[in-house]
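Let me begin by presenting the structure, written as C-alpha cells, before commenting on it.
The numbers here are math on the coordinates, done by the rules we state, and not lab data. This one's a predicted model, so the numbers in the text were calculated from it and none came from an experiment. Because the Cβ atoms are built from the backbone with ideal geometry, glycine has one as well, and the counts that use them run over all protein chains shown.
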Amino acid sequence: MSAATEPAARGEGTRTALACVALWCVGAAASRSVGLWLGVGTAAVAIGALAVALEGRALRRLFHVDARALGAGVAMGAAMTAATLALYAPIVAAAPSVGIDVAHLYATFGAPSLARLALLLPLVIACEEMVWRGVVQAALARRVGPVAAALLGAAAYAAAHALAGSLTLVLACVGCGVCWGALRAFTRGLVAPLVAHLMWDLAVLVLWPLA
C-alpha cells in the first residue's frame, strides 16, 4: 500500500469499526425485548456480513490455521472454562445477586435446541470474532498498538453489551474480551480467539450451564 493510500485505508477501517460498534449496541438494546439469542445473535451475523463486505480481504488474512494458533486457542479455552467453573460458586456465595443475574441471562437466552446450537453457534461466534477482534481491534491497533488495542477492544466489547441491561454480562465481556483480544494480539490472527470462544461458549451454554 502506498503512503498516499494508507491514511485513506485507515480511515475506512475506522469508519467500519465505528459502524460495527454502533449496530452492535442496537442489537444489545433489542435483546431486552427479544432475548440475547435473537437480539445479539442476529446482530452478530448481520454485522459480521457487513464486516466481510467492507473488510473481507483484511479479514481473510487473519484466518491462517497453524499448530501455534490452534494450541493457544485450546489452552485458553480450557483455562477460561476451568476458571469459570471453579470461581462461579464462590462468587455467587459472596454476591448472590450474580446468581440471580446469571439465571436471568440464561432465561433471556432461551433454550435453543442442540441442532440449532451446532449449526448457528459457530456462525455467530465467527461473526463476533471478525467484528470485535478483527475489525474493531485492528482499527485500534493501528493507532495505539496491539497491547492497548486488546484492552481498549475489551472495554468497547463490554460497553456495547451494556445496553442488554446486565452488569454480570458486562463484566464477563471484560474478562472474555481481554482473553480473546490477547490471543488475537499474540497470534496475529482470529483462529485462536475463535477456538477459545467456541470452547467456552459450548462449556457454559451446553456442557456445564452455570444456572
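Here are some residues: Ala69, Ala86, Ala93. Which one is under 20 Å from the mean Cα position of the chain (by Cα) and not hydroxyl-bearing (Ser, Thr, Tyr)?
One residue alone meets the criteria, Ala69.
Can you name every residue in segment 133-155 that is in contact (Cβ under 8 Å) with a residue 60 or more places away in the chain and buried (at least 18 other Cβ atoms within 10 Å of the Cβ)?
Arg133, Gly134, Val135, Val136, Ala138, Ala139, Leu140
Could you grab the pairs with beta carbons closer than 7 Å, sequence gap of 6+ or different chains, first residue in segment 88-111 and on the phi > 0 side of the Ramachandran plot, second one part of a helix (DSSP H, G or I)?
From residues that are on the phi > 0 side of the Ramachandran plot, the pairs are Gly110/Trp37.
Working only within segment 171-210, note down all residues that are more than 14 Å from the chain's Cα centre (by Cα), assigned to a helix (DSSP H, G or I) and surrounded by fewer than 18 Cβ atoms within 10 Å (Cβ to Cβ).
Phe186, Leu205, Val206, Leu207
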